[in-house]
There are 2 protein chains.
Amino acid sequence: MSRTEKKVAQLALDNPAVVSEMTIKELAAASNVSTATISRFVKRMNYANYREFTMALAHTAAAMTPQQSSFPELAEGDSLATIANKTFRFSVNSLRATNDALNEDDLARAVLKIINAKTLAFFGLGGSSIAALDGYHKFLRTSLNVVYHPDYDIQLMQAAKMTADDCAIVISHSGRNHETLQIVRELTRNGVAIIVITSYSGSELAQAAAVTFLSLTDEVKYRSEGMYSLISQLTILDSLFMMTVLRISSRTQPVLTRVRDVIEHTRDES
Amino acid sequence: MSRTEKKVAQLALDNPAVVSEMTIKELAAASNVSTATISRFVKRMNYANYREFTMALAHTAAAMTPQQSSFPELAEGDSLATIANKTFRFSVNSLRATNDALNEDDLARAVLKIINAKTLAFFGLGGSSIAALDGYHKFLRTSLNVVYHPDYDIQLMQAAKMTADDCAIVISHSGRNHETLQIVRELTRNGVAIIVITSYSGSELAQAAAVTFLSLTDEVKYRSEGMYSLISQLTILDSLFMMTVLRISSRTQPVLTRVRDVIEHTRDES
DNA sequence: CATTATATGAAAAGAAGTTTCACATTTCAA
DNA sequence: TTGAAATGTGAAACTTCTTTTCATATAATG
């Protein structure tokens, strides 16, 4: 791409919303190149004509706008409905970010470890105990042998009992909680396959894991992250659960009934 | 609006995506009117020119598309990543539906009852115990006097102890669980203010409530709804929590430090 | 250093969109 | 019912926008 074309591209990428409204003349004037160059440029970019190009820009701009406005900081004059809206919006953004960070490879390895485990144990303390409890509750509905107890000492004892045939799902927002790390060291010593769900990939916890899933929030600074990562953690567990059930049932049953099977296994009347 | 203009409008509304890509000539041909008429028509619609009109169409088309594709049914050949994506998408849709069902009035009444309660107790059994636990965990961080115990018998005893000065948040997906209803009857007898989070507005549970919040999923038929309503329940609780903290701190502190305060109060290192 | 390839803008050519104007249709009052 | 005024419409002129051509400049290559 040549220098002049870069100027145009930069302008378009910087504020697609504005450029998408411009005529080719205006854009030419704004970027100090001729209309001819722009016309050629958009064709090089595989758009049929300038109009198609601006349409595409408008689309990306529309797709980006929610991102820009996706830091719903609670402001002074917010009504209750606004606070609720922002809370929901923030949850949605967290889910999106978490989803984007997932990859097929990790999922495949995690599911393999889960369905081959003699025992599947959940570990989580403090705020993360809720996610661990949810994971336990979900996987109870499968044929797997699952274990979870909210008490730290019992979790530690459970970790000590486990072997290389087992699988542990460890949840911790920060990845720095001492008790959680103690459990992980015990698990590592016993050669247990560890699947970690945390928000920080650099933590010691993430290092020890065979597979790490990141529960992200798209705005970390001004917020109590722990609150929003919970929802991401739950949905990661949910994904693992769905995949596991589909895989387990596929061993024994024709494919067509599998999805229905998931539903039956997960009916909840509470 | 004249007859010819209606033809154009109809065409544009029926498939905005297609029309937004058309030139004025093509649209003229497609709707059997002259280009002049269309040009006048878009001006009557308060668009500066035809180009602006097509842009607007493209926008509405873009806004409509995600709605159409928002029922991510798990299909036979789905890869693991696809299963995960659909799970996340479904969670997002559930949150959106739940958010849309909220209204300022209910929120205001709920927050009032919460901050004036001498004791705030959470009730939830089975799958909903997770949401109840999360609510308890969140509100522990406030100055309120909060109570929750996973055991049914203890929940029932707790309900028996409560008075008209207290507030109960009862969570149940179906709203039909017998034990939960037993608790609610006890609460009602004692005149306790009841806030209900459930997925079915018609349930007996919802009838007994002072305020009902609906945790919705936008596709009910083919799914295990309980799983997705959990995330909606959590975010409703989260909203209530945020509103409560902001309200409580506003009694004693200047407004500017409030938001910061929320963050401090909710830091979570687990 | 000459030669070829590539990039660029001015201007011509071609499309797209708008306005004008003449004619048709409808509305409304007599 | 009828004629005048108002409104709606398309063809064509006109304007504006976009693309292509062509001559020139710049960079790359042997």
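Using only protein heavy atoms and a 1.4 angstrom probe, determine the accessible area buried between A and B, summed over both sides, in Å² to the nearest 100.
Numbers: alone 15210 and 15320 Å², together 24190 Å².
The buried area between A and B, both sides summed, comes to about 6400 Å².
Placing the label point 7 Å from Cα along the Cα-to-Cβ direction, what are the distances from A:T4 to the equivalent spots in the other copies, shortest first, in nm to one decimal?
4.3
List the distances, in nm to one decimal, from the label point of A:A108 to the label points of the same position in every other copy, shortest first, placing each label point 7 Å from Cα along the Cα-to-Cβ direction.
Reported distances to equivalent positions: 5.6 nm.
7 Å along Cα→Cβ for the label point: how many nanometres lie between A:K43 and each equivalent label in the other copies, listed shortest first?
With the label placed 7 Å along Cα→Cβ, A:K43 yields 3.3 nm.
Keeping all protein chains in the complex and leaving out DNA, RNA and ligands, what accessible area do you get for B:R109 with a 1.4 Å probe, in Å² to the nearest 10?
100
Size of segment B:1-156 along its principal axes in angstrom, Cα-based, largest extent first?
Taking the Cα atoms of segment B:1-156, the three principal extents are 77, 46, 24 Å.
Is there a quick way to get the dipole size of segment A:89-129? I mean about its Cα centre, with the Cβ of Lys and Arg at +1 and of Asp and Glu at -1; what is the value in debye to the nearest 20? Could the numbers behind the result be given before it?
Working: 5 positive and 4 negative charges, 35 e Å.
I would put it at about 160 debye.
Please compute the average number of Cβ atoms from other chains found within 10 Å of each residue's Cβ in peptide B:234-242.
On the way: counts 7, 10, 3, 1, 9, 9, 4, 2, 10.
Per-residue shielding by partner chains comes out at 6.
Just the Cα atoms of segment B:3-66, one point each, no solvent: what log10 I(q)/I(0) does Debye give at q = 0.13, 0.16, 0.20 Å⁻¹?
Treating every Cα as an identical point scatterer, log10 I(q)/I(0) equals -0.29, -0.44, -0.69.
Heavy atoms only, probe 1.4 angstrom, no DNA, RNA or ligands counted: give me B:D166, A:D165, B:D100 ranked by accessible area, highest first.
Working: B:D166 15, A:D165 85, B:D100 120 Å².
Descending order: B:D100, A:D165, B:D166.
Taking 10 Å² as the minimum loss, tell me which residues in segment B:169-200 lose that much accessible area going from the chain by itself to the full protein complex (1.4 Å probe).
So the qualifying set is B:H173, B:S174, B:R176, B:N177.
Let me know the shape class of segment A:79-176, please: from the alpha-carbon gyration tensor, a ≥ b ≥ c as square roots of the eigenvalues, rounded when a/c is under 1.5, otherwise prolate if a/b is greater than b/c, or oblate.
Details: a/c = 2.44, a/b = 1.64, b/c = 1.49.
In terms of gyration-tensor shape, prolate.
The values are calculated or read from the model by the stated rules, or taken from the named source; none is laboratory data. Keep in mind it's a predicted model, so treat the numbers as computed, not measured. We place every Cβ from the backbone using ideal geometry, glycine too, and count neighbours over all the protein chains shown. Each accessible area value is taken on the protein alone, full model and side chains, heavy atoms only, with ligands, DNA and RNA left out. Shrake-Rupley method; radii C 1.70, N 1.55, O 1.52, S 1.80 Å.
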